[in-house]
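Structure record follows, encoded as structure tokens.
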Amino acid sequence: MKKKAFITGIAGQDGSYLSELLLEKDYEVYGIVRRNSITEHQRNRLTHLDNKIELSYGDLIDKSSLDNVLKKIKPDEIYNLGAQSHVRVSFEIPSFTFQTNALGVFNILESMREFSPKAKFYQASSSEMFGRSVDEDGCQRETTKFEPTSPYGCAKVFGYNLTKHYRKAYKMFAVNGILFNHESKRRGSNFVTTKVVKTAVRIKNKLENELVLGNLDSSRDWGHSSDYVNAMHLIISQDLPVDYVVSTGETRTVRDLCNYVFLKLDLDLKKYLKTSEKFMRPEELPYLKGDSSKIRNELKWSPKYSFEDLIDEMINFWQENYNNENLNY
Ligand code: GDD
């Protein structure tokens, strides 16, 4: 019999790559999407998989929707990727962020406990949970304490702890992947990598004349989403639930990112780059660099994409699609 996977957040960047991976591995793939008033289904990233996956309406905030789906599907694996995933926006809508990213984890774990207790559960935990905390060697790893600096980070810490609690209290297979930033050509336009790449390409094509950013000095450890969904699947495929950090181990500033992209496009960054308070955060997470030795040693995971491969792929994609009106992410 085919294995069944249920994915919340299936319409997002990671959900779409994970769906492709699981279909390749011959899973039946199910997911929920929230109702959206702009397009009936917000599923741009999934149109190429239209007849291969099964979608229904649902929401992490609406436990009855989760109950119905789990009763019906009885999945073998549940991937909780659904979230309000934008850190700066979490300062503007903190209550919604907590409901989705914290209470939502509670809802799905409870629903699983009632209707699908033998399933395996993967929680999309985040390096944003580390906040201002860094080990003495300049890295964050599984043992680094959490000092979150945003409503998003605080809510993710709740989800992380709840996942461990359900694992211990109810002997459920519930596991955390602590993923550092991961990007791709399917990354939303209000995250810094896509914003920089897409704007630079549009400047090159004379459709825009400036790039307005917030903090240029923060450092991030950027990997590729397709490498990171491989890690998710490896983590959930183990016999025992063990939490892992997933990262490249390299860090760069937002300014480094801009320099790389503008140089590639033969543009003079100084002429176009501006900063605005609008894109600053009330509290910033200044520095992320993950040590993923544990998953590399124990599960033999390693990323295929370098930073340069990742950004080059994004540049090529946006050069082909910068004026594609149908691509609204
Ligand atoms: N989005 C954005 N827009 N970020 C900017 C901008 C801007 O105009 N200017 C500077 N930045 C800086 C942010 O302040 C941050 O330091 C860095 O660029 C990265 O921002 P994002 O791309 O928005 O990602 P993030 O690090 O806040 O959060 C992402 O990574 C987390 C894992 O650490 C998201 O994917 C989260 O969902 C994820 O958990």
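Would you confirm, using the coordinates I've provided, whether SER116 is within 16 Å of the ligand (Cβ to nearest atom) and either within 19 Å of PHE146 (Cβ to Cβ) or touching a strand residue (DSSP E or B) at 6+ places or on another chain (Cβ under 8 Å) (or both)? No, not satisfied. Each residue in the range 155-186 was checked for being within 16 Å of the chain's Cα centre (by Cα) and surrounded by 23 or more Cβ atoms within 10 Å (Cβ to Cβ), and 11 pass. A residue that is in contact (Cβ under 8 Å) with a residue 60 or more places away in the chain, of a type in the set (Val, Ile, Thr) and within 16 Å of the ligand (Cβ to nearest atom) can be found somewhere in the range 209-221. Which of the residues spanning the range 187-205 are open to solvent by less than 30 Å² (accessible area, probe 1.4 Å) and among the charged types (D, E, K, R)? Passing the criteria: none in range. The criterion of at least 2 residues that are open to solvent by less than 30 Å² (accessible area, probe 1.4 Å) and among the aliphatic types (A, V, I, L, M) is met, among strands (runs of 3 or more DSSP E) falling completely within the range 1-59, by 4-8, 28-33. Where helices (runs of 4 or more DSSP H) sit wholly within the range 230-302, those with at least 1 residues that are open to solvent by less than 70 Å² (accessible area, probe 1.4 Å) and farther than 23 Å from PHE191 by Cβ occupy 293-298. Can you find even one residue in the range 120-134 that is without any contact (Cβ under 8 Å) to a residue 60 or more places away in the chain and farther than 14 Å from ASN176 by Cβ? So far as the range 120-134 goes, yes, one or more of its residues are without any contact (Cβ under 8 Å) to a residue 60 or more places away in the chain and farther than 14 Å from ASN176 by Cβ. If you go through the range 40-54 and keep only what is at pLDDT 85 or above and of a type outside the set (A, V, I, L, M), you end up with ARG45, THR47, HIS48, ASN51, LYS52, GLU54.
Answer yes or no as to whether ASP76 is touching a residue at least 12 places away in the same chain (Cβ under 8 Å), buried (at least 17 other Cβ atoms within 10 Å of the Cβ), out of contact with any helix residue (DSSP H, G or I) (no Cβ under 6 Å at 6 or more places or on another chain) and of a type in the set (Asp, Glu). So that I can check it myself, show each step before the final result.
Details: touching a residue at least 12 places away in the same chain (Cβ under 8 Å): yes; buried (at least 17 other Cβ atoms within 10 Å of the Cβ): yes; out of contact with any helix residue (DSSP H, G or I) (no Cβ under 6 Å at 6 or more places or on another chain): yes; of a type in the set (Asp, Glu): yes.
Against the criterion (touching a residue at least 12 places away in the same chain (Cβ under 8 Å), buried (at least 17 other Cβ atoms within 10 Å of the Cβ), out of contact with any helix residue (DSSP H, G or I) (no Cβ under 6 Å at 6 or more places or on another chain) and of a type in the set (Asp, Glu)), ASP76 qualifies.
Residues that are among the polar types (S, T, N, Q) and open to solvent by 10 Å² or more (accessible area, probe 1.4 Å) within the range 103-115 comprise just one, ASN107. ASP217 meets each of the listed conditions (1) open to solvent by 20 Å² or more (accessible area, probe 1.4 Å); (2) among the acidic types (Asp, Glu); (3) within 21 Å of GLU298 (Cβ to Cβ) apart from (3).
Do we find a residue being more than 20 Å from ALA174 (Cα to Cα) and not basic (Lys, Arg) anywhere in the range 100-108? No: zero hits.
Residues that are open to solvent by 20 Å² or more (accessible area, probe 1.4 Å), within 13 Å of the ligand (Cβ to nearest atom) and under 24 Å from LEU109 (Cβ atoms) are absent from the range 125-143 altogether.
Residues are listed down the side, and each one gets a yes or a no for (1) touching a strand residue (DSSP E or B) at 6+ places or on another chain (Cβ under 7 Å); (2) of a type in the set (Lys, Arg):
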{"residue": "ILE73", "(1), (2)": "yes, no"}
{"residue": "SER85", "(1), (2)": "no, no"}
{"residue": "ARG88", "(1), (2)": "no, yes"}
{"residue": "GLY104", "(1), (2)": "no, no"}
{"residue": "TYR122", "(1), (2)": "yes, no"}
{"residue": "SER127", "(1), (2)": "yes, no"}
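The values are calculated or read from the model by the stated rules, or taken from the named source; none is laboratory data. This one's a predicted model, so the numbers in the text were calculated from it and none came from an experiment. For neighbour counting, all protein chains shown are included, and Cβ atoms are generated from backbone atoms with ideal geometry for every residue, glycine included. For the accessible areas, the whole protein counts, side chains as well, though only heavy atoms, and no ligand, DNA or RNA atoms are used. Shrake-Rupley method; radii C 1.70, N 1.55, O 1.52, S 1.80 Å.
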